[in-house]
Each structure stands twice: as structure tokens, then as C-alpha cells.
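So the structure is just underneath, and the comments pick up after that.
Computed from the coordinates by the stated procedures, all read-outs in this text should not be read as laboratory data. Please read all numbers here as calculations on a predicted model, not as lab measurements. For neighbour counting, all protein chains shown are included, and Cβ atoms are generated from backbone atoms with ideal geometry for every residue, glycine included.
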């Protein structure tokens, strides 16, 4: 077990190095600094990695700010939904770690998004602004019912992000298969890696997903995982905007250890336009039975 962890650590460190430099970060230092808005309002259940103690930033906020500093990107953190009624042009990309209806009031007193603000977000991404979604961001504005894939009932936000949360069971070590080894940040991981995480079962996948990591379900414990493999991390174009999503990011250690940071930095490089990547839809090729929710 210790040898496996050491190998993962070394592999992740190599991938982090590869993700930091060849992807265009160095040349970007000569350009105006880019800015990302990181929105972490949770409604209902509050994830520990985005929970603040007083005025201090949360664990994931500190981690993303640190990642940004290493590559010359300013990360602006907020839980105030009114930010989407203000000037979004000052940000080059928007990142979400959210859940449930963000236009609804919450018990923590954080100002909700307005419906206009939600539409301004979607319009900004379609017009070319980058978007990164972490973990439960695919559980915002969820669709009623178990599966309505390709249905008009899917919220426009879910259609933008590309997939939707169903459920999860006990945290466990599981396999992520690398389905797009040439995507930025995936260098050095080989065909797959294993990780202890809270894994999401997902549905309502867009047909145009470029799957980067696939959830291997064989051997997983829990009824919601008894299904064929399905996308877990992906990229897609939403109009002119670049959208990157990963279902990982629940556990605090995941945010500060390989392989998560190299993967995030690769996605960040891509959504900011610092590097190009082939995001031809491959969902039907690498996860042909992804929409089958039971084995």
C-alpha cells in the first residue's frame, strides 16, 4: 500500500510539472494576469471543503488560490450570488463548487443569485467565458426524477455543464480510467489511477462530451454504481465557451495531493485559452453505455 501511494505521489508530481510548464503557463507570464471567479455557495448540505470558519477562506478556496498563484492567475473567491448581476467581463473564467438551487435562500445567509444573474452566467459562458465545475456543481438545479437524459426538463445550467448528479454511496477507493491521455494535465498518469474519494453516480450526459476520465464501476460498492462505466471528468464547448468539469474534489486531501492538482491545472489552462486541445466528442466511443443506469 505504501509503495502504491509513493508511486501515485511521484507520478502526480511528474504530471504536475508537465501540466505547469509545457501548456503555455510560462509564456502567459508576459501577458496581462488573468482572473477567475470562484463561487462556492452551498444551499442545504454544505461541503466541508468550501465551508469557511469566520472570514478565513475555505480549504478548496485556499488551494485554488495557491494553484492560481503558481501559474500567474488571480482567483477571486465569493459566496455572494449578487456577483452575477455585476460586471462579469472582469473575469476570464468562472469556477463553481455549488449545490442545489442557487437562486433560493439558504440557512447560512449568503445572498442568492438572481434569476437574471443565472442567465447572465449562462450567456457569458456561451459568449466565450471559460467555466470550471467541481464535484457538486453538477447538483445545482437538479432535474426531478431518476433519469431524463436528453429531455427538455434538463435545466439550462445542467445542459451547460454537461451532466448531472444522481447519488453517491460510501467513500471508497476506485479506478479512474484515462480516456483522453493527450488532454492538458493528463501527462504521466498512464492508462488509469486509483483514488479514495466520494464518487458521484451521474446522468443526463450531453452527447458532445469529450470524456477525459471514466469512472470504472467494476468492484465498486453501492447500488448506484452497479452500471457500465460512465464519464467522470470531461470537457465540452458551450457556444464559444470552454467548459471543464470533474466530479472529484469532495475530500480535503484530494485538493492538495496528486492527481487532482495536475488535472485541475490542465483544465484551467484549457478553459483560459492558454492551450488548445482536441475536444471532439468521444462519449459514445469510450463510454458507449454511459446512459444505462443499471447493469
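Highest mean first, the peptides 186-192, 103-109, 263-269, 82-88 sorted by other C-beta atoms within 10 Å per residue fall in the order 263-269, 186-192, 82-88, 103-109. Distance from the C-alpha centroid of the stretch 244-285 to that of the stretch 44-69: 18 Å, rounded to the whole angstrom. Residues considered: 121, 272, 64. Largest GNM mean-square fluctuation over the chain, using C-alpha springs under 10 Å, is found at 121.
Once the Kirkwood radius over Cα pairs is known for the chain, the Stokes-Einstein relation at 10 °C and 1.306 mPa s delivers a diffusion coefficient of 83 µm²/s. When DSSP beta bridges are restricted to pairs lying wholly in the stretch 2-286, around 55% turn out antiparallel.
Pairs of Cα atoms nearer than 8 Å and 6+ residues apart set the relative contact order; for the stretch 2-286 it is 22 percent. Here the contact order of the stretch 106-200, divided by its residue count and restricted to Cα pairs under 8 Å and six or more residues apart, works out to 22 percent. Sort out for me the Cα centre separation of the stretch 152-220 from the stretch 99-139, rounded to whole Å. One Cα centre to the other: 21 Å. Mean residue ellipticity, 222 nm, helices only, the chain: the sum of -39500 (n - 2.57) across DSSP H runs of n ≥ 4, divided by residue count and rounded to 500, is -7000 deg cm²/dmol. Annotation: extensible slack from residue 126 through residue 171 equals 12.7 nm (criterion: 0.36 nm per residue apart, minus Cα-Cα distance).
The mean sequence separation of alpha-carbon pairs under 8 Å and at least six residues apart, normalised by the residue count of the stretch 48-152, gives a relative contact order of 27 percent.
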